[in-house]
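Take a look at the structure below.
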Amino acid sequence: MKDFFNKLVRNGSRERAAASGPGTQEDQLKRQVAALYGLYTGVLGAEKVVLKAGKLGALELMRSEDLSERVLALQKLVFEDPTIDKQPAVQEIPKILEDIEEELAELCARRTLEDRIEKKIAEKMEERHQEYVQEIRMQVIKEESDANAENPQTLKKFALLEKLETRKLTRSAMELLRPAALDEIVGQERAVEALRAKLASPYPQHLILYGPPGVGKTTAARLVLEEAKKLKSTPFAQDAPFVEVDGTTLRWDPRDVTNPLLGSVHDPIYQGARRDLAEGGVPEPKPGLATDAHGGILFIDEIGEMDPMLQNKLLKVLEDKRVRFDSAYYDPSDNNVPKYIKKLFEEGAPADFILIGATTRDAGDIMPAVRSRCAEIYFEPLTPKHIEEIVYNASVKLEVAIDPEVPRLISDYTIEGRKAVNILSDAYSMALMRVGDDRKNVTITSSDVYRVAQVSRLSPYVNRKATATLEVGKVFGLGVNGYLGSVLEIEAVAFPAEKGKGSIRFNDTAGSMAKDSVFNAAAVVRKLTGQDLASYDIHVNIIGGGRIDGPSAGTAIVSAIISAITGKLIRQDVAITGEISIQGRVKAVGGVFEKAYGAKQAGIVTMIIPEENKKDIPEGHLDLDIRPVTTVEEAMAILFDEKEAVSA
């Protein structure tokens with residue numbers, strides 16, 4: 001490009017000089033100098049040339065008529081060198097003009113390139129400007145469209161929602177009748193005391209609450225937290241949250257696509273993060289219930305139903321007191337990532353809470369690792385007296401009169417406090433319909449409760465009731481299912497058979513352990529009575545077909561068989577539990593505490609238990625006559641009428 005402009009400048013200056021006509025060499029040089037001045041002025045502009053000449057001290061030389069001075073001025077301007085002060089001789093001028101032409105050619109080439117670059121820059125700037133204007137225009141359009149997102153249909157629905165908000169019904173019966181203070185929780189004094197000691201403390205513990213449904217586990221936990229907030233020694237603030245969730249509803253994805261308990265990450269491609277984040281390819285962490293419970297209580301009802309893997313993840317949170325998030329889409333060097341997202345990915349979300357799990361299942365159904373981190377509290381089943389007290393307290397809150405028989409009648413249909421309140425509420429509605437909406441003169445009667453029971457298809461919780469009579473071959477045993485004890489009616493009949501050809505029949509549905517108890521009983525009966533069961537056809541039956549999963553009915557079965565073959569009478573106000581050994585000893589069994597509630601529910605007066613279980617149950621528990629025994633002889637001395645008891 002430089003050679004091109006060099007040739008162009010040289011030819012241009014000479015053509016201009018030749019065009020001015022013939023003359024002497026000096027005239028030719030003057031015309032060539034004038035042409036070069038013209039080219040230089042055309043490149044820079046007249047004003048810039050004058051300013052430049054003034055700075056370089058060449059302004060007077062430019063105006064001179066002397067050729068040498070004009071060439072000197074041209075040298076100063078083109079080479080931008082104020083130190084050039086030697087006027088050239090006429091014979092030196094052609095060579096100097098060639099050098100000036102070379103410099104002018106380079107200047108023209110550089111100026112052309114600069115002009116081209118500036119033109120491209122200007123075009124790019126104009127393009128960017130147009131894009132920026134378009135972006136602003138689109139933003140304004142979006143804001144306008146957002147402002148005008150409403151239409152008649154959406155506005156109508158919004159107005160309908162606002163109208164619905166203005167309608168308020170009275171509180172539901174369950175909300176009204178729910179205990180509002182710890183002393184209103186009936187039958188759980190020991191459990192509430194333990195719960196308060198472990199939670200309302202400077203160092204509260206994670207807890208697992210065991211017990212049957214409807215006895216107040218959730219309510220007790222909520223009320224104890226409210227009490228703990230009032231104490232200065234506890235770490236719970238006044239606004240400490242109580243986050244409640246049901247373990248059966250905690251569904252999650254192993255890939256952590258969704259996890260309502262611990263939180264999840266919404267990736268910008270698959271799950272769809274927030275729009276402004278998705279457009280920048282930024283994943284969005286969303287904390288879960290564990291973070292919502294920070295500083296308070298996370299109450300998981302039916303924690304035994306939770307997925308084992310989710311329980312393991314919860315353990316990690318309990319250890320770290322934080323929930324960690326991870327995503328392949330997270331780039332810590334991306335300037336588009338907001339600060340809160342960086343904090344969540346790098347530090348995690350806070351999750352410092354006290355875990356309270358409640359379950360109606362056995363302790364063995366909870367993961368050992370979870371149990372090892374939690375204190376365990378057992379809520380007790382409710383007795384008929386407890387149910388009657390709950391019903392009476394609920395009637396006071398309802399401000400309604402009840403017949404004296406109503407609490408006892410309701411206690412026949414349930415052992416759950418929540419269910420008892422529901423029955424009373426339904427009976428109240430029945431009574432209100434009967435009197436014609438006159439709330440001041442409402443009295444709940446037994447007939448109202450019976451009507452509710454008929455409509456709801458309720459049946460008495462306990463069909464087997466103790467009596468003061470004596471019977472042959474019939475004894476009350478005790479079983480347990482979960483946290484609820486029950487009374488088992490065991491009966492036996494014996495018929496003489498040809499010696500050595502007798503047989504024993506037993507319920508197939510009662511379970512293999514119960515059958516083993518029958519065969520063990522054969523050895524014990526022979527030891528105590530001298531009778532060989534092979535000489536009898538014996539049929540042992542569990543009335544109702546109840547299943548016995550353990551050996552705890554062994555002593556009861558032995559007593560029933562001995563009564564059947566000897567004709568001894570058995571008291572029907574006594575219940576017995578205990579494994580039988582072939583030596584005639586009564587061995588320890590499980591669930592004695594719960595079995596006592598079943599005995600009380602059935603109206604049992606005396607409860608016979610193994611001596612080894614004596615420490616498992618308080619003396620005088622539930623006003624029962626608790627009789628620990630070591631041998632079958634001791635048990636039968638209580639079971640049989642004392643005058644006819646088998647001597648040891």
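The values are calculated or read from the model by the stated rules, or taken from the named source; none is laboratory data. This one's a predicted model, so the numbers in the text were calculated from it and none came from an experiment. FYI the Cβ positions are ideal-geometry reconstructions off the backbone, even for glycines, and counts take in every protein chain you see.
Can you work out which of the residues in region 182-203 that are part of a helix (DSSP H, G or I) and farther than 23 Å from E389 by Cβ is nearest to the chain's Cα centre (by Cα)?
The qualifying residue nearest to the chain's Cα centre (by Cα) is L199.
Take R547 and decide whether it is within 48 Å of the chain's Cα centre (by Cα), modelled with pLDDT under 90 and either on the phi < 0 side of the Ramachandran plot or among the hydrophobic types (A, V, I, L, M, F, W, C) (or both).
Details: within 48 Å of the chain's Cα centre (by Cα): yes; modelled with pLDDT under 90: yes; either on the phi < 0 side of the Ramachandran plot or among the hydrophobic types (A, V, I, L, M, F, W, C) (or both): yes.
So R547 passes the test.
Could you go through region 339-352 and let me know if any residue there is in the same structural domain as A228 (by TED's automatic domain parsing), within 13 Å of L261 (Cα to Cα), at pLDDT 90 or above and not in a strand (DSSP E or B). Don't jump to the end; show me each part of the working.
Initial filter on region 339-352 (in the same structural domain as A228 (by TED's automatic domain parsing)): 339-352.
Cutting the leftovers down to within 13 Å of L261 (Cα to Cα) gives us 349, 351.
Still in the list and also at pLDDT 90 or above: 349, 351.
Right, trim to not in a strand (DSSP E or B) and you get 351.
The answer is yes, given that some residue of region 339-352 is in the same structural domain as A228 (by TED's automatic domain parsing), within 13 Å of L261 (Cα to Cα), at pLDDT 90 or above and not in a strand (DSSP E or B).
Going by the conditions given, is L56 crowded, with 19+ Cβ neighbours inside 10 Å and farther than 19 Å from E101 by Cβ?
On the way: crowded, with 19+ Cβ neighbours inside 10 Å: yes; farther than 19 Å from E101 by Cβ: yes.
Judged against the criteria, L56 is a match.
Is region 436-447 home to any residue that is in a loop (DSSP other than H, G, I, E, B), outside the structural domain of A596 (by TED's automatic domain parsing), surrounded by fewer than 20 Cβ atoms within 10 Å (Cβ to Cβ) and at pLDDT 90 or above?
So far as region 436-447 goes, yes, one or more of its residues are in a loop (DSSP other than H, G, I, E, B), outside the structural domain of A596 (by TED's automatic domain parsing), surrounded by fewer than 20 Cβ atoms within 10 Å (Cβ to Cβ) and at pLDDT 90 or above.
Output the number of residues of region 162-214 satisfying the condition of being out of contact with any helix residue (DSSP H, G or I) (no Cβ under 9 Å at 6 or more places or on another chain) and on the phi > 0 side of the Ramachandran plot.
0
Scan region 204-262 for residues that are assigned to a loop (DSSP other than H, G, I, E, B) and over 28 Å from E189 (Cβ atoms) and report the count. Break it down stepwise before answering.
Going residue by residue through region 204-262, those that are assigned to a loop (DSSP other than H, G, I, E, B) are 204-206, 211-216, 230-241, 250-262.
Subset that is over 28 Å from E189 (Cβ atoms): 237, 239, 250-262.
Count: 15.
Tell me whether region 18-30 contains one or more residues that are among the small types (G, A, S), assigned by TED's automatic domain parsing to the domain that holds E103, touching a helix residue (DSSP H, G or I) at 6+ places or on another chain (Cβ under 8 Å) and at pLDDT 80 or above.
no
Checking the structure you have, find out if any residue of region 226-242 is within 30 Å of L622 (Cβ to Cβ) and modelled with pLDDT under 95. Spell out how you get there, then give the answer.
Within region 226-242, the subset within 30 Å of L622 (Cβ to Cβ) is 227.
Now restrict to residues that are modelled with pLDDT under 95: 227.
Yes, region 226-242 contains at least one residue that is within 30 Å of L622 (Cβ to Cβ) and modelled with pLDDT under 95.
Answer yes or no: is there a residue in region 78-88 that is in a helix (DSSP H, G or I) and either of a type in the set (F, W, Y) or farther than 19 Å from Q28 by Cα (or both).
The answer is yes; a qualifying residue exists.
Looking at (1) in a helix (DSSP H, G or I); (2) touching a residue at least 40 places away in the same chain (Cβ under 8 Å), which is the one condition that is false for E471?
Evaluating E471 over (1) in a helix (DSSP H, G or I); (2) touching a residue at least 40 places away in the same chain (Cβ under 8 Å) leaves (1) as the failure.
Looking at S411, S372, S395, which one is of a type in the set (S, T, Y), more than 22 Å from L622 (Cβ to Cβ) and over 34 Å from the mean Cα position of the chain (by Cα)? Lay out the reasoning, then the answer.
Working: S411 fails: more than 22 Å from L622 (Cβ to Cβ); S372 fails: over 34 Å from the mean Cα position of the chain (by Cα).
Of S411, S372, S395, the one residue that is of a type in the set (S, T, Y), more than 22 Å from L622 (Cβ to Cβ) and over 34 Å from the mean Cα position of the chain (by Cα) is S395.
What number of residues within region 184-200 are surrounded by fewer than 18 Cβ atoms within 10 Å (Cβ to Cβ) and of a type in the set (G, A, S)? Let's see the steps before the verdict.
Of all residues in region 184-200, those surrounded by fewer than 18 Cβ atoms within 10 Å (Cβ to Cβ) come to 184, 189-190, 193, 196-197.
Filter again for of a type in the set (G, A, S), leaving 197.
Residues meeting the conditions: 1.
Can you work out which of the residues in region 590-617 that are of a type in the set (A, V, I, L, M, F, W, C), surrounded by 21 or more Cβ atoms within 10 Å (Cβ to Cβ) and over 41 Å from the mean Cα position of the chain (by Cα) is nearest to P551 (Cα to Cα)? Break it down into steps so the answer makes sense when it comes.
Residues of region 590-617 of a type in the set (A, V, I, L, M, F, W, C): 592-593, 596, 599, 602, 604-605, 607-609, 617.
Filter again for surrounded by 21 or more Cβ atoms within 10 Å (Cβ to Cβ), leaving 592, 596, 599, 602, 604, 607-609.
Imposing the further condition that a residue be over 41 Å from the mean Cα position of the chain (by Cα) reduces the set to 602, 604, 607-609.
Details: A602: 22, I604: 21, M607: 17, I608: 15, I609: 13 Å.
By that ranking, first place goes to I609.
Which of the residues spanning region 354-394 are touching a residue at least 40 places away in the same chain (Cβ under 8 Å), under 30 Å from L409 (Cβ atoms), touching a Leu at 6+ places or on another chain (Cβ under 7 Å) and among the aliphatic types (A, V, I, L, M)? Let's see the steps before the verdict.
So in region 354-394, the residues touching a residue at least 40 places away in the same chain (Cβ under 8 Å) come out as 354-363, 365-367, 369-371, 373-384, 386, 389-390, 393-394.
If we keep only those that are under 30 Å from L409 (Cβ atoms) as well, we get 358, 360, 378-384, 386, 389-390, 393-394.
After this cut, where a residue has to be touching a Leu at 6+ places or on another chain (Cβ under 7 Å) as well, the list is 358, 379, 381, 383, 394.
Result: A358, A394.
Please work out if K587 is of a type outside the set (V, I, T), in contact with an Asp or Glu (Cβ under 7 Å, 6 or more places away or on another chain) and not assigned by TED's automatic domain parsing to the domain that holds I410. Can you show your working first?
Details: of a type outside the set (V, I, T): yes; in contact with an Asp or Glu (Cβ under 7 Å, 6 or more places away or on another chain): yes; not assigned by TED's automatic domain parsing to the domain that holds I410: yes.
Yes: the conditions hold for K587.
Given the criteria closer than 24 Å to N507 by Cβ, among the β-branched types (V, I, T), in a helix (DSSP H, G or I) and out of contact with any Lys or Arg (no Cβ under 9 Å at 6 or more places or on another chain), does I561 qualify? Before the answer, list the steps.
Working: closer than 24 Å to N507 by Cβ: yes; among the β-branched types (V, I, T): yes; in a helix (DSSP H, G or I): yes; out of contact with any Lys or Arg (no Cβ under 9 Å at 6 or more places or on another chain): yes.
It is true that I561 is closer than 24 Å to N507 by Cβ, among the β-branched types (V, I, T), in a helix (DSSP H, G or I) and out of contact with any Lys or Arg (no Cβ under 9 Å at 6 or more places or on another chain).
A46 is checked against (1) of a type in the set (A, V, I, L, M, F, W, C); (2) surrounded by fewer than 12 Cβ atoms within 10 Å (Cβ to Cβ); (3) modelled with pLDDT under 80 and fails just one. What number does that condition carry?
Among (1) of a type in the set (A, V, I, L, M, F, W, C); (2) surrounded by fewer than 12 Cβ atoms within 10 Å (Cβ to Cβ); (3) modelled with pLDDT under 80, the lone unmet condition for A46 is (3).
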